[in-house]
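S.K.: Structure incoming, see below.
The values are calculated or read from the model by the stated rules, or taken from the named source; none is laboratory data. What you see is a predicted model, and the numbers here were worked out from it, not measured in a lab. Here the Cβ positions follow ideal geometry from the backbone for every residue, glycine too, while neighbour counts run over all protein chains shown.
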Amino acid sequence: MADARSELSWLLDDLANRVAGVRHAILLSADGLTMGGSQGLTREDTEHLAAIAAGSHSLAMGAGRHFGMGGVRQTIIELEGGFLFVTAAGQGARLAVLAAGDSELGLITYEMALLVRRVGEHLTALPRGAAPAPVWNGMTP
């Protein structure tokens, strides 16, 4: 399991370093527990981003259900200085990305989809009581 978490952290770092405009990428459970994060975020910031991502994606899911619009493919929040993307990443898992305001949105969503497809089997979140220790830049706290 530690090897899978290290690989996921490496892939998140790769996404953040390789794709223009991507500042940070994290993996989280549907209920907001952090599963991994790219370098450059403190543990506190990673946990804060995970809570925001889980909450916003959950609200979008509720809107889809209530108004009969189906499931959520992706949540995109436009901020003054950038974008927050959240997408499903396996059973009970989410991938969240913070990107600069001048980013190519299509490229980022494409790269996120590739990452989710590439490592989907590793992105299944366990129920809250059974979750493994979170990974911070490849290391458990």
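S.K.: Count, please, the residues in segment 59-82 that happen to be of a type outside the set (Gly, Ala, Ser) and closer than 25 Å to Met35 by Cα.
M.R.: 10
S.K.: Within segment 10-57, which residues are of a type in the set (Val, Ile, Thr) and over 21 Å from Gly106 (Cα atoms)?
M.R.: Thr34, Thr42, Thr46, Ile52
S.K.: Here's a follow-up. For segment 83-125, which residues satisfy the criterion of being more than 18 Å from Gly37 (Cα to Cα) and buried (at least 18 other Cβ atoms within 10 Å of the Cβ)?
M.R.: Ser103
S.K.: Out of (1) at pLDDT 95 or above; (2) closer than 19 Å to Phe83 by Cα; (3) out of contact with any Asp or Glu (no Cβ under 8 Å at 6 or more places or on another chain), what's the single condition that is false for Ala20?
M.R.: Going through the list (1) at pLDDT 95 or above; (2) closer than 19 Å to Phe83 by Cα; (3) out of contact with any Asp or Glu (no Cβ under 8 Å at 6 or more places or on another chain), Ala20 breaks only (3).
S.K.: Hey, does segment 56-72 have a residue that's without any contact (Cβ under 8 Å) to a residue 60 or more places away in the chain and touching a Leu at 6+ places or on another chain (Cβ under 8 Å)?
M.R.: So far as segment 56-72 goes, yes, one or more of its residues are without any contact (Cβ under 8 Å) to a residue 60 or more places away in the chain and touching a Leu at 6+ places or on another chain (Cβ under 8 Å).
S.K.: Just for strands (runs of 3 or more DSSP E) wholly inside segment 1-82: which have at least 3 residues that are among the aliphatic types (A, V, I, L, M) and crowded, with 19+ Cβ neighbours inside 10 Å?
M.R.: 22-29
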